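Written out below as structure tokens is the structure these notes cover.
The values are calculated or read from the model by the stated rules, or taken from the named source; none is laboratory data. The shown structure was predicted, so the numbers you read here are calculated from the model rather than taken from an experiment. So basically every Cβ, Gly included, is an ideal-geometry build from the backbone, and we count neighbours across all protein chains shown. Surface accessibility is based on the protein's heavy atoms, side chains included, excluding ligands, DNA and RNA. Shrake-Rupley method; radii C 1.70, N 1.55, O 1.52, S 1.80 Å.
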Amino acid sequence: MSTQDPSLDALLARGYQHGFVTDIESDTVAPGLDRDTVRFISAKKGEPQFLLDWRLRALDRWFEMKEPHWPKLHYTPIDYQDISYYSAPKAKTDGPKSLADVDPKLLATYEKLGVPLHERARLAGVAVDAVFDSVSVATTFKDRLSAAGVIFCPFSEAVQKHPELIERWLGTVVPYGDNYYAALNSAVFTDGSFVYIPKGVRCPMELSTYFRINAAKTGQFERTLIVADEGSHVSYLEGCTAPMRDENQLHAAVVELLALDDAQIKYSTVQNWYPGDENGVGGIYNFVTKRGECRGRNSRISWTQVETGSAITWKYPSCVLRGENSVGEFYSVAVTANYQQADTGTKMIHIGANTRSTIVSKGISAGHAQNTYRGLVSVMPGAHGARNFTQCDSLLLGSDCGAHTIPYIEVKNPQAIVEHEASTSRISEEQLFYCLQRGLSQEDAINLIVGGFCKTVFRELPMEFAVEAQNLLAVSLEGAVG
Amino acid sequence: MTTPLLCIRDLHARVADREVLKGINLEVPAGEVHAIMGPNGSGKSSLSHVLAGKPGYTVTRGSVTFKGQDLLALPPEERAREGVFLGFQYPVEIPGVNNAYLLRAALNAARRHRNEPEVDAFDFLTLVKARMQLMRMDESFLSRGVNEGFSGGEKKRNEILQMLVLEPSLAVLDETDSGLDIDALKVVAAGIQTLRSPERAIVLVTHYQRLLDHVTPDRVHVLARGRIVRSGGPELALELERRGYDWLLDDAA
């Protein structure tokens, strides 16, 4: 995997070691990115040598790469040397002291989404010490997980406690040089999550439940690695329907999923980052690399995503179907309103025999938004009996938005069966009038119709999130039509 | 004398550049069933749409009062909440939207409007299941998408089911009888009869006499070229069945 001699890296690293020792006491690093920045981050985290070397190789690779411009996205160029790549977590006392100090608008949104009361305080950034409920609940969950032998912890903790697992699996699904943003993430990631499900273990709870209560602020370069050993099962939910405040504009996360023989991973995402205001000012740029590999026979990886946030979304959760009879699934709802732009989709790479994949993508555009589905279905020569079914539907609300579907299909095995269905429709006047005539308000009618349009995806979400996701859709489209 | 529930005066309306209603005058008192008949293109559906407030129609002259208030000033959803129900000629499919969910949302929208408490899921199911029995509909309809994959007859029954749950003061049923076989026609007619009461009015828009065999109207009006050209009792419908519309069209010209 290495493109460079590690010992050379080590040698080069030595020369700089003294240069940053004093800096380690500081909480933030000055803007800019070079090998010293990476060493600083790694030292701050007290990482083992192999990880530092890996980061440095990633950085070197990144310097050679160019920012991709093939997506259908428009934004002002990002100055990567103008970003600060490390800042220590803020002191707990920084946040509002209680819910009474929180912006009422934010609380109103939580209300609409139906976020449980005890979670609101944490989401709004209220000093964690004040949120006793959550802490005790989280501890209970932790006990149950460790009893089952499941490892679920912050990535940085895993680096300290289970370095052998990290060294073995990190970068084996998304190599550090995979793409521009993945390389950047590999060099400078600060934290994220690590999950390991031992052989034959069915994770005793949706990791979503745990995650929502215990999620730490992981920063803009998040790294997630989930390994499901033979015969294990896990369902993981990332993110939250509630809007999270975040000052970082650029986000470049990497998520790697690895399923060994007979293992199953279900990964659900609800992404609701700040999309910018109604004129398109501000908002988060979200450039994410997500890939799962069904390495083992009969393994299965499902991605379900509800994307309503961010000014820009660049994201293609993919499945590499290497193991025989393995299954990849992608269910997506992407909502863009105002001036949001999304270029999202998936890749299904069929390598093993009898591999199957399903893609269901629902894109909704309102206002001046642009929504692109970009997908690749690739069937390699050895994938005898491979099957894919793809369905891409786009719904337009209003006349200034756009929906684009760009499917790539490469089939190198004559027995493979690949089906693709696509549709683009405007929200129908007939449907709208039918609902109005039954007494529903315009807004309720639109939410109802859009919710129906997304139903096949919503039912893939963990139960407690399906309802919230529906509400989130309503909040996202508020005032988008009318 | 009390004011009629629905009072239409000199109603003119256009779709794009075409004048579809050319001076309709009609009074429907509470407790009565009126049939509106007429050949294709006479303006029957347009009249239903204008009453319900369908976008695309422009009222150029005249007035419509409903329960004494200016109906045309209200947006479609408020007309519905006030008790105007349109049974659609071609009920639209709304894929993925649960039939029961829409109906409950509709019922609660009307109840909120009347400052009544919303019905909970349990009471709603009890109510809707009783009505479904009357309409001889299987309970599986509740969890299906609104009109999704319904046959023509099933869609029409679903319209009447909605009407029976919402209990509107004025039901305008636009060719609810078309596309029904004899058995379905009887079920639909029975549903309509159930709604008949001294405080409600029903307007049946239809081509044929056969629905009127089961639901005897108090008044029959013949619409031709955007105007009512003849009004009468139930015997007028029988006469139309015998003689067709041609003899009336000459009057309208």
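Details
- Nonlocal amide H pairs with A:Gln305, under 5 Å, H built at 1.01 Å: A:Thr269, A:Tyr331, A:Ser332, A:Val333
- Chain A against chain B buries an accessible area of about 2000 Å², both chains summed, 1.4 Å probe radius.
- With a cut-off of 11 Å between beta carbons, the residues surrounding B:Ser42 carry a summed charge of +4, where Lys and Arg count +1 and Asp and Glu -1.
- Heavy-atom accessible area order for A:Tyr331, A:Tyr181, A:Tyr339, B:Tyr57, largest first, 1.4 Å probe: A:Tyr339, B:Tyr57, A:Tyr331, A:Tyr181
- Per-residue HN-Hα couplings for region A:349-359 [Karplus 6.51, -1.76, 1.60; θ = phi - 60°; Hz; x = Gly/Pro]: 10, 8, 10, x, 6, 6, 7, 10, 9, 10, 10
- Compared with the alpha-carbon gap, the fully stretched path from A:Ala108 to A:Ala147 is longer by 10.2 nm at 0.36 nm per residue.
- Per-residue 3J(HN,Hα) values for region B:103-117, derived from phi via the Karplus relation 6.51 cos²θ - 1.76 cosθ + 1.60 with θ = phi - 60°, read 5, 5, 4, 5, 4, 5, 4, 5, 5, 4, 4, 8, 6, 9, x Hz in sequence order (x marks Gly and Pro).
- Computed per residue of chain B from DSSP H runs no shorter than four, each worth -39500 (n - 2.57), the mean residue ellipticity at 222 nm is -11500 deg cm²/dmol.
- Inter-label distance for B:Gln69 and A:Glu429, nm, one decimal - labels placed 7 Å from Cα along Cα-to-Cβ: 2.7
- Protein heavy-atom accessible surface, 1.4 Å probe, per residue over chain B: 44 Å².
- With a Förster radius of 35 Å applied to the beta-carbon distance between B:Asp181 and A:Gln415, the computed FRET efficiency rounds to 0.15.
- Distance (nanometres) between label positions extended 7 Å along Cα→Cβ at B:Glu19 and B:Glu118: 4.7
- Reduced Cα scattering model of chain B, Debye log10 I(q)/I(0), q = 0.08, 0.09, 0.16 Å⁻¹: -0.30, -0.38, -1.24
- Net charge of Cβ neighbours under 10 Å - reference B:Thr206; Lys, Arg +1; Asp, Glu -1: -1
- Model label zone, A:Ile78; criterion: amide N under 16 Å from point 7 Å along Cα-to-beta-carbon; scope region A:281-311: A:282-290, A:310-311
- Inter-centroid distance (Cα atoms) of region B:92-123 relative to region A:434-451, Å: 11
- Placing a label point 7 Å from the Cα of B:Asp213 along the Cα-to-Cβ direction, the residues of region B:165-184 whose backbone N falls under 18 Å of that point are B:176-184.
- FRET efficiency, B:Asp10 to B:Asn40 (Cβ-Cβ, R0 22 Å, nearest 0.05): 0.35
- Long pairs among A:Lys315/A:Lys412; A:Lys412/A:Lys455; A:Lys66/A:Lys266; A:Lys66/A:Lys161, criterion Cα-Cα beyond 31 Å: A:Lys412/A:Lys455; A:Lys66/A:Lys266; A:Lys66/A:Lys161
- Between the beta carbons of A:Thr358 and B:Ala130, assuming R0 = 35 Å, the FRET efficiency works out to 0.30 to the nearest 0.05.
- For A:Tyr434, net neighbour charge (Lys/Arg +1, Asp/Glu -1) across residues whose Cβ lies under 12 Å away: -2
- For chain B, built as a Gaussian network whose Cα springs stay under 10 Å, the top-fluctuating residue of B:Arg61, B:Arg242, B:Arg196: B:Arg242
- Sequence of A:Phe63, B:Phe85, A:Phe141 when ordered by accessible area, the most exposed leading, probe 1.4 angstrom: A:Phe63, A:Phe141, B:Phe85
- Chain-alone versus full-assembly comparison, region A:425-441, residues with accessible loss of at least 30 Å² (1.4 Å probe): A:Glu430, A:Gln431, A:Phe433, A:Tyr434, A:Leu436, A:Gln437, A:Arg438, A:Gly439, A:Leu440
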